[in-house]
Ligand SMILES: Cc1cc2nc3c(=O)[nH]c(=O)nc-3n(C[C@H](O)[C@H](O)[C@H](O)COP(=O)(O)O)c2cc1C
């Protein structure tokens, strides 16, 4: 039940796009969700919601709603469809506008210009990373991926996601297959060096 060194969890995490059909212990899904809600959230709004699909029928309906060519899946889809669990993290902009209009925040005009970036999506993303890291800690694999925009309405309808929540993506969770499946971008591009992305003191170019 987990307990890996934090540094190992961070370094071993990578997106897994090919799974065996071995079921996932429901207790692991519960731990992932327990960890997810430990994420920080702006104003402690917690304006997130997690649609959990963990039966074969629910997972099949997820892919039927969001993917084409279920009968002839490409390598990516074939590997991803085998994951026995799909979690759809959602964010509620309305929850943040409401929370920040409360007396201790006082942004009663609900002016969207007050938001430096969409904190509702940020918070769902932070929670999503904790789900990905829990998978690693439990010896499982996970992949965060986007839902094609044109498929969002179908996913919404299929699983009764309310209009006040928007899926920020989806996460597959399962036992990694021994073969990698579809190759991710890290096979085609390198991780940037720290000195390319860290700007100490100012952003002046050093080269
Ligand atoms: C916001 C976001 C969206 C992503 N969307 C997809 C996706 O649609 N399909 C996919 O296979 N991977 C997706 N990824 C995974 C990235 O390709 C992956 O994180 C990146 O290549 C680095 O590899 P690693 O996570 O395995 O270290 C996404 C990752 C993030 C953070």
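Tabulated data for the structure shown
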item: Within segment 41-52, tally of residues that are closer than 16 Å to residue 93 by Cα and in contact with a helix residue (DSSP H, G or I) (Cβ under 7 Å, 6 or more places away or on another chain); result: 7
item: Filter result (away from the ligand (no atom under 15 Å from the Cβ), surrounded by 14 or more Cβ atoms within 10 Å (Cβ to Cβ) and either under 21 Å from residue 49 (Cβ atoms) or at pLDDT 95 or above (or both)) within segment 1-26; result: 20, 24
item: Test result for residue 29, crowded, with 20+ Cβ neighbours inside 10 Å and within 17 Å of the chain's Cα centre (by Cα); result: yes
item: Residues (within 16 Å of the ligand (Cβ to nearest atom) and over 16 Å from residue 124 (Cα atoms)) located in segment 165-184; result: 173, 174, 176, 177, 179, 180, 181, 182, 183, 184
item: Matching entry among 89, 84 (being touching a helix residue (DSSP H, G or I) at 6+ places or on another chain (Cβ under 8 Å), within 16 Å of the ligand (Cβ to nearest atom), at pLDDT 95 or above and within 20 Å of residue 155 (Cβ to Cβ)); result: 89
item: Residue within segment 155-164 that is farther than 24 Å from residue 21 by Cβ, assigned to a helix (DSSP H, G or I) and either in contact (Cβ under 8 Å) with a residue 40 or more places away in the chain or more than 16 Å from the ligand (Cβ to nearest atom) (or both) present; result: yes
item: Selection from segment 128-151 of residues that are in a helix (DSSP H, G or I), more than 13 Å from the ligand (Cβ to nearest atom) and within 26 Å of residue 24 (Cα to Cα); result: 130, 134, 137
item: Options 191, 200: the member that is in a loop (DSSP other than H, G, I, E, B) and within 15 Å of the ligand (Cβ to nearest atom); result: 191
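The values are calculated or read from the model by the stated rules, or taken from the named source; none is laboratory data. Computed from a predicted structure; not experimentally measured. Cβ atoms come from the backbone with ideal geometry, glycine included; neighbour counts cover every protein chain shown.
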